[in-house]
Amino acid sequence: MRKICLTVVGLFLMLLHAFSQVSTKDTSGYKAKPLSIDEVNLVSGYYTQTGDHSPITGGIGTEAVTDLANGIELKLVGWDSLRRKNNLTLGFGIDHHTAASQAWVSKTGASSTVGTRIYPSLDWSIENLRKGTSFGLGAIYSSEFNYHSIGLDANFSKKTNNNGEFTTKLTAYFDQVKLIYPSELIPLDTVKNSVDSTVSITTASGRSVSLSGGGVESGGSSGIPSSPRNSYTAAFSFDQVINERLQVSAEIDLVYQDGYLGLPFHRVYFADGSVHVEALPSQRFKLPVGLRLNYFLGDNLIIRSYYRFYIDDWGLKSQTAGLELPIKISPFFSVSPFYRFYRQTAVRYFAPYETHTEQDQYYTSNYALSSFSSQFMGIGIRLAPPRGIIFTALSALEIRYGHYTQTTGLISDAISLDLKFK
Amino acid sequence: MKMRNRLALILILGALMLGSCTPVKPYQKSRINDSEMSLSNRKVEKNELNFQSYREGSSGANGGKTGGGCGCN
């Protein structure tokens with residue numbers, strides 16, 4: 001973790017140095033311009049959570065989590081011979097988390113409680129400013145111990161003659177879920193060594209592990225089979241400027257998922273005391289509809305509002321309402337208190353600890369799929385002086401803190417920092 | 001309020017808003033172009049959108065991700 005922090009500080013100093021000299025060129029007459037760095041963003045976040053409904057232990061037990069996320073994004077801009085603007089964005093992120101419940105993947109609580117995720121990304125788009133059109137392609141890869149994901153997207157947008165813009169985006173994620181079961185539920189062929197009481201196990205996948213001293217698992221993850229999970233999204237949005245102070249946006253997503261949609265290490269305890277691996281349908285269709293309305297009130301206050309209605313074919317319905325009020329202390333410094341309210345109904349397959357029965361075809365005790373409401377509130381600060389912060393290439397700085405509570409008892413805090421260099 | 005009524009209300013409000021559009025010239029867009037008037041999420045919100053999509057059963061229609069990444073813990 002210390003290395004990650006030092007890396008971020010090092011990148012910050014390097015960028016300050018790299019942007020400290022700016023040269024100007026004669027721009028009379030149009031010339032194509034090759035890609036060059038236009039903007040660099042460093043985004044860091046720290047998240048901490050407590051709760052008592054971990055799905056790993058069947059809806060009971062600690063949900064304590066911490067997560068440190070760091071990401072860098074380089075945006076390059078160039079102009080081609082047809083006066084089209086080319087944008088290329090390269091991103092790289094790394095998260096490091098600790099999760100107390102992860103220890104209980106093995107029955108004895110001896111599994112690792114830490115993990116790391118990396119996620120590089122690449123986005124390219126081309127804008128024709130005269131026609132008001134834009135086309136883009138993107139790719140993202142995400143890798144962590146038990147989960148790998150490849151995402152691809154294509155998007156197109158078209159401005160209207162009346163300050164409107166229609167955007168459509170098609171996204172596909174091709175994920176692989178590693179089938180790591182709770183240790184007591186691994187399909188096993190076991191061979192017990194009578195001399196040292198070590199149990200050698202060959203799982204259904206052919207992986208060999210050994211358990212000793214009450215079931216401590218050793219050995220790596222290689223050879224553990226994976227199961228696919230695919231997500232396809234068609235998103236359509238329309239933005240419209242209503243007048244000098246008001247603009248609105250509407251978005252509808254059509255989301256279809258198939259494959260292994262549960263997680264293999266989520267336990268479910270039935271009413272008869274037996275333990276099972278979470279079982280959920282292999283298909284899910286989601287339909288979220290979102291509306292945004294932003295209004296500039298007077299000279300110093302902005303009202304940012306958001307509403308979303310969501311429904312899916314697992315029986316979950318939700319509503320989200322958010323309000324943020326950026327107050328401009330000066331043209332370049334603002335303070336933004338915000339509040340978000342969310343509530344959802346449970347999926348029809350959810351039941352708490354020791355409630356499901358053998359008659360249930362699908363079952364989960366994951367409280368993220370239960371009925372609850374949540375509140376998220378906090379404050380953000382934004383500083384963006386026109387000549388940079390202390391006359392450096394650091395053009396904008398944003399800090400945001402929020403406190404989150406769920407009626408399930410889950411409580412979390414999140415703080416984020418965005419440094420923008422131009 | 002039933003879903004059908006809710007959708008009808010949203011459509012009526014949307015039609016009223018679009019009908020009340022007034023022409024806005026580029027030089028009149030100083031407020032609309034303010035960075036905090038953006039209709040998309042800002043980069044500093046990325047991490048909190050991630051944790052919300054993992055801790056809650058629904059996601060989407062906010063420019064965020066609707067797949068990829070585990071959020072297992």
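The values are calculated or read from the model by the stated rules, or taken from the named source; none is laboratory data. Source: prediction; values computed, not measured. Every residue, glycine as well, gets a Cβ built from its backbone with ideal geometry; the counts of neighbours run over all protein chains shown.
Within segment A:265-291, the set of residues being more than 10 Å from every other protein chain (Cβ to nearest Cβ) and among the basic types (Lys, Arg) comprises A:267, A:284. Residues of segment A:387-404 that are in contact with a Phe, Trp or Tyr (Cβ under 8 Å, 6 or more places away or on another chain), within 12 Å of chain B (Cβ to nearest Cβ) and surrounded by fewer than 21 Cβ atoms within 10 Å (Cβ to Cβ): A:395, A:403. Tallying residues that are facing chain A (nearest Cβ under 8 Å), part of a helix (DSSP H, G or I) and not acidic (Asp, Glu) within segment B:20-49 yields 7. Inspect all residues belonging to segment A:100-120 and state whether any of them is in a strand (DSSP E or B), touching a Gly at 6+ places or on another chain (Cβ under 6 Å) and more than 9 Å from every other protein chain (Cβ to nearest Cβ). Looking through segment A:100-120, none of the residues is in a strand (DSSP E or B), touching a Gly at 6+ places or on another chain (Cβ under 6 Å) and more than 9 Å from every other protein chain (Cβ to nearest Cβ).
Screening the candidates A:299, A:272, A:312 for the property of being modelled with pLDDT under 95 and of a type in the set (Asp, Glu) yields one hit, A:299.
Taking the criterion of being surrounded by 20 or more Cβ atoms within 10 Å (Cβ to Cβ) and closer than 16 Å to residue A:263 by Cα, the residues of segment A:352-369 that qualify are A:363, A:364, A:365, A:366, A:367, A:368, A:369. Is it fair to say residue A:251 is in a strand (DSSP E or B) and of a type in the set (Asp, Glu)? For residue A:251, the condition - in a strand (DSSP E or B) and of a type in the set (Asp, Glu) - is met.
Would you mind stating whether residue A:310 is crowded, with 19+ Cβ neighbours inside 10 Å, closer than 27 Å to residue B:9 by Cβ and either among the hydroxyl-bearing types (Ser, Thr, Tyr) or in contact with a helix residue (DSSP H, G or I) (Cβ under 6 Å, 6 or more places away or on another chain) (or both)? So residue A:310 passes the test.
On the given criteria, is residue A:329 facing chain B (nearest Cβ under 8 Å) and either surrounded by fewer than 18 Cβ atoms within 10 Å (Cβ to Cβ) or not small (Gly, Ala, Ser) (or both)?
On the way: facing chain B (nearest Cβ under 8 Å): no; either surrounded by fewer than 18 Cβ atoms within 10 Å (Cβ to Cβ) or not small (Gly, Ala, Ser) (or both): yes.
No, not satisfied.
Mind telling me which of the residues A:321, A:414 ends up being facing another protein chain (nearest Cβ under 8 Å), of a type outside the set (Phe, Trp, Tyr) and within 26 Å of residue A:51 (Cβ to Cβ)?
Values: A:321 fails: facing another protein chain (nearest Cβ under 8 Å).
Among A:321, A:414, only A:414 is facing another protein chain (nearest Cβ under 8 Å), of a type outside the set (Phe, Trp, Tyr) and within 26 Å of residue A:51 (Cβ to Cβ).
Regarding segment A:397-413, can at least one residue be identified that is within 18 Å of residue A:328 (Cα to Cα), within 26 Å of the chain's Cα centre (by Cα) and among the hydrophobic types (A, V, I, L, M, F, W, C)? Checking segment A:397-413: at least one residue is within 18 Å of residue A:328 (Cα to Cα), within 26 Å of the chain's Cα centre (by Cα) and among the hydrophobic types (A, V, I, L, M, F, W, C). Residue pairs whose Cβ atoms lie under 6 Å apart, separated by 6 or more positions or on different chains, with the first residue in segment A:88-112 and without any contact (Cβ under 8 Å) to a residue 12 or more places away in the chain and the second surrounded by 18 or more Cβ atoms within 10 Å (Cβ to Cβ) and basic (Lys, Arg), do not occur. Residues that are over 20 Å from residue A:309 (Cα atoms), assigned to a strand (DSSP E or B) and touching a residue at least 24 places away in the same chain (Cβ under 8 Å) within segment A:330-347 comprise A:333, A:334, A:335, A:336, A:337, listed in sequence order. With respect to being in contact with a strand residue (DSSP E or B) (Cβ under 8 Å, 6 or more places away or on another chain), within 12 Å of chain B (Cβ to nearest Cβ) and at pLDDT 95 or above, residue A:138 fits the description.
Tallying residues that are assigned to a strand (DSSP E or B) and crowded, with 16+ Cβ neighbours inside 10 Å within segment A:370-380 yields 5.
Going through A:108, A:66, A:98 one at a time, which residue ends up being over 28 Å from residue A:141 (Cβ atoms) and assigned by TED's automatic domain parsing to the domain that holds residue A:415?
Values: A:66 fails: over 28 Å from residue A:141 (Cβ atoms); A:98 fails: over 28 Å from residue A:141 (Cβ atoms).
The conditions single out A:108.
So which residues in segment A:292-318 are of a type in the set (S, T, N, Q), in contact with a Leu (Cβ under 8 Å, 6 or more places away or on another chain) and more than 9 Å from chain B (Cβ to nearest Cβ)?
A:305
Restricting attention to segment A:257-264, does a residue exist that is facing chain B (nearest Cβ under 8 Å), assigned to a loop (DSSP other than H, G, I, E, B) and either farther than 30 Å from residue A:178 by Cβ or within 26 Å of the chain's Cα centre (by Cα) (or both)?
yes
So, residue A:396, is that one in contact with a helix residue (DSSP H, G or I) (Cβ under 9 Å, 6 or more places away or on another chain) and not in a strand (DSSP E or B) or not? Quick ask: steps written out before the conclusion?
Numbers: in contact with a helix residue (DSSP H, G or I) (Cβ under 9 Å, 6 or more places away or on another chain): yes; not in a strand (DSSP E or B): no.
So residue A:396 does not fit the description; no.
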